1. At a threshold of 8 angstrom on Cα-Cα distance, excluding pairs fewer than six apart, so keeping six or more, what relative contact order does the stretch 112-225 reach in percent?
2. Taking a cut-off of 17 Å, what percent of all Cα-Cα pairs in the stretch 79-169 are separated by more than that?
3. Of the heavy-atom accessible surface of the chain (probe 1.4 angstrom), what whole percent is carbon and sulfur?
4. Give me the Debye-computed log₁₀ of I(q)/I(0) at q = 0.08, 0.13, 0.17, 0.18 Å⁻¹ for the chain, equal point scatterers on Cα only, no solvent, two decimals.
5. So if each residue of separation counts as 0.36 nm, and I subtract the Cα-Cα distance between ARG14 and THR50, what length gain in nm does that give?
6. Given LYS15/LYS203; LYS64/LYS92; LYS11/LYS127; LYS10/LYS139; LYS64/LYS94; LYS9/LYS213, which pairs have Cα atoms separated by over 20 Å?
7. Provide the per-residue ³J(HN,Hα) series for the stretch 196-212, in order, calculated from phi with Karplus coefficients 6.51, -1.76, 1.60 and θ = phi - 60°, each as a whole number of Hz, with x at glycine and proline positions.
8. Determine the shape class of the stretch 141-201: with a ≥ b ≥ c the square roots of the Cα gyration tensor eigenvalues, call it rounded for a/c under 1.5, and otherwise prolate if a/b is greater than b/c, oblate otherwise.
Amino acid sequence: MADEPIADKKKRTRKILAGLHKVYPDATCALEHVDAFQLLIATILSAQSTDVTVNKVTPVLFAKYPTPQALAGARPTDVERIIHRTGFFRQKTKSVIGASQAIIERFGGKVPNDLDSLITLPGVARKTANVVLGTAFGKNEGVVVDTHVGRLATRLGMTWTSRNPKDAVRIEQDLMQIVPRDEWTFFGHSLIWHGRQICIARKPRCPDCLLAKWCPSAGMFNNLG
């Protein structure tokens, strides 16, 4: 859909959004949390892991370290033992302890609620910041582009070229042009849900997809084994 005029792409996007609202009206972040701090830490841990795995680890982690102050003073070996199953546990331990220390030292013990400040925290890049801002603070500063969103945005023809689904920065820029700003957070969460349930990586369930009528890739995967 590289040659699709932006006006047509926006019109098709509105139909896709309407379909997502119908199927996933309550779509939100699958990472379990009670506040912005827990969401921040959980999102850092979710890199190269799954939400299911992170949700098994964080209750133990937050029971022992419920606040930035507590986690900032944690022994790295203790944190590593708790988060080990999320993968890359040594680097993630440095990130979550470092982020907690930075929150105390530079932000008065509270998770900052702006993009420029969030991305200065260890382990926090734009995607993590978008998750925290949209979900915890209700601020639509960008579109979360994880592996699911990157894959589906490409299949749905919502980018101007055949992007590599891993080119999250360019895909986000494309999506921000055609998805209404007040829908950015919902769009990211609902597309993630859709990617897990219907438009799965290896063999998407196109016959069961309510978005198929607006998807240029619909039916292309029917012959996969």
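1. Details: 134 pairs, mean separation 25.3, N = 114.
Relative CO of the stretch 112-225 lands at 22 percent.
2. Result for the distance tail: 60 percent.
3. Its accessible area is 54 percent carbon and sulfur atoms.
4. Taken in order of the listed q values, log10 I(q)/I(0) reads -0.31, -0.77, -1.15, -1.24.
5. Length difference between fully extended and current span is 10.0 nm.
6. Distance filter (> 20 Å) returns LYS15/LYS203; LYS11/LYS127; LYS10/LYS139.
7. Ordered by residue, 3J(HN,Hα) equals 7, 9, 10, 8, 6, 5, 7, 9, x, 8, 4, x, 9, 9, 5, 8, 4 Hz.
8. It is oblate, given that a/c is not under 1.5 and a/b is not larger than b/c.
The values are calculated or read from the model by the stated rules, or taken from the named source; none is laboratory data. Just so it is clear, the structure is predicted and the values come from calculations on it, not from any experiment. FYI the Cβ positions are ideal-geometry reconstructions off the backbone, even for glycines, and counts take in every protein chain you see. For the accessible areas, the whole protein counts, side chains as well, though only heavy atoms, and no ligand, DNA or RNA atoms are used. Shrake-Rupley method; radii C 1.70, N 1.55, O 1.52, S 1.80 Å.
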